[in-house]
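What follows is one structure encoded as structure tokens, with my remarks underneath.
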Amino acid sequence: MKQSLSEKSSKRVVVYCASSAHIEEVYFDAARQLGKILAQNNITCITGGGKQGLMGAVNDSVLENGGIVKGIIPQFMVDSGWCHPQLSERVVTESMHERKFLMAKHADAAFALPGGFGTLEELAEILTWKQLGLYKNPIVILNVNGYYDPLLAMFDKMISEKFLHHNYCNMWQVVDSPDKAIEYLQNGEVWNPAFTKYDKKEL
């Protein structure tokens with residue numbers, strides 16, 4: 001009997017990352033390594049379903065190593081030819097808002113590789129949802145090549161100037177390699193959902 005996608009995989013990780021193809025090879029290396037590790041650990045990879053940049057590299061690597069990729073992509077991107085042609089599962093949404101909601105809803109953890117405005121927006125949103133108690137799963141920032149150093153410095157400034165409570169720094173984990181991201185996913189501490197701004201129903 002053929003197994004369903006959910007039966008084949010024990011965990012699901014959403015990966016936020018760049019769609020730009022004009023970036024340094026060190027970032028592609030990290031994306032490919034992450035895809036391979038996800039596949040080897042039987043972890044379904046959820047992405048925005050694209051075929052270019054780091055997103056395409058992650059998708060390709062997961063599939064090449066026998067893993068599962070669930071791509072969630074809005075119809076206008078499909079119409080524009082941006083969708084990866086070999087996704088294990090494709091979910092087409094009507095809007096970007098629905099896309100991001102479903103990506104988070106179906107994920108047991110969120111990983112952020114380097115990226116541009118879209119990645120930054122997704123990371124900021126999932127952190128905000130965690131702060132509000134809407135998302136309670138691990139959030140891992142892969143600080144490849146020190147890419148996120150300026151953003152992490154901004155986070156520190158938010159805390160030092162009391163725009164953000166210091167306990168919220170435990171909402172995310174920073175690592176410098178895919179190996180460490182998976183290690184944290186498997187062995188990291190569970191977020192205390194009691195420490196949130198509001199007591200809300202999860203996604």
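State whether the residues of the stretch 130-141 include one that is modelled with pLDDT under 95 and in a helix (DSSP H, G or I). So far as the stretch 130-141 goes, yes, one or more of its residues are modelled with pLDDT under 95 and in a helix (DSSP H, G or I).
Of everything in the stretch 89-109 that is among the charged types (D, E, K, R) and assigned to a loop (DSSP other than H, G, I, E, B), the residue that is nearest to ASN42 (Cα to Cα) is ASP108.
When we screen THR128, THR119 for residues that are buried (at least 20 other Cβ atoms within 10 Å of the Cβ) and of a type in the set (S, T, N, Q), the only hit is THR119. Applying the selection to the stretch 152-172, what residues are within 22 Å of the chain's Cα centre (by Cα) and crowded, with 17+ Cβ neighbours inside 10 Å? Result: PHE155, TYR168, MET171, TRP172.
Evaluate the stretch 77-88: report whether one residue or more is of a type in the set (A, V, I, L, M, F, W, C), surrounded by fewer than 20 Cβ atoms within 10 Å (Cβ to Cβ), in a loop (DSSP other than H, G, I, E, B) and in contact with a Phe, Trp or Tyr (Cβ under 8 Å, 6 or more places away or on another chain). Within the stretch 77-88, none of the residues are of a type in the set (A, V, I, L, M, F, W, C), surrounded by fewer than 20 Cβ atoms within 10 Å (Cβ to Cβ), in a loop (DSSP other than H, G, I, E, B) and in contact with a Phe, Trp or Tyr (Cβ under 8 Å, 6 or more places away or on another chain).
Somewhere in the stretch 46-60, is a residue of a type in the set (A, V, I, L, M), touching a residue at least 24 places away in the same chain (Cβ under 8 Å) and over 21 Å from PHE117 (Cβ atoms)? So far as the stretch 46-60 goes, no, none of its residues is of a type in the set (A, V, I, L, M), touching a residue at least 24 places away in the same chain (Cβ under 8 Å) and over 21 Å from PHE117 (Cβ atoms).
Filtered by the rule that a residue be surrounded by fewer than 17 Cβ atoms within 10 Å (Cβ to Cβ) and under 19 Å from MET103 (Cβ atoms), the stretch 135-151 gives a lone residue, LYS136. Taking first residues from the stretch 148-167 that are over 19 Å from CYS17 (Cβ atoms) and partners that are in a loop (DSSP other than H, G, I, E, B), the Cβ contacts under 7 Å between residues at least 6 apart in sequence or on separate chains come to MET158/LEU164; ASN167/PHE195. Checking ILE72, ILE37 one by one, the residue that is out of contact with any Phe, Trp or Tyr (no Cβ under 7 Å at 6 or more places or on another chain), assigned to a helix (DSSP H, G or I) and surrounded by 18 or more Cβ atoms within 10 Å (Cβ to Cβ) is ILE37 and no other.
The values are calculated or read from the model by the stated rules, or taken from the named source; none is laboratory data. What you see is a predicted model, and the numbers here were worked out from it, not measured in a lab. Please note: Cβ atoms are built from the backbone with ideal geometry, for glycine as well, and neighbour counts cover all protein chains shown.
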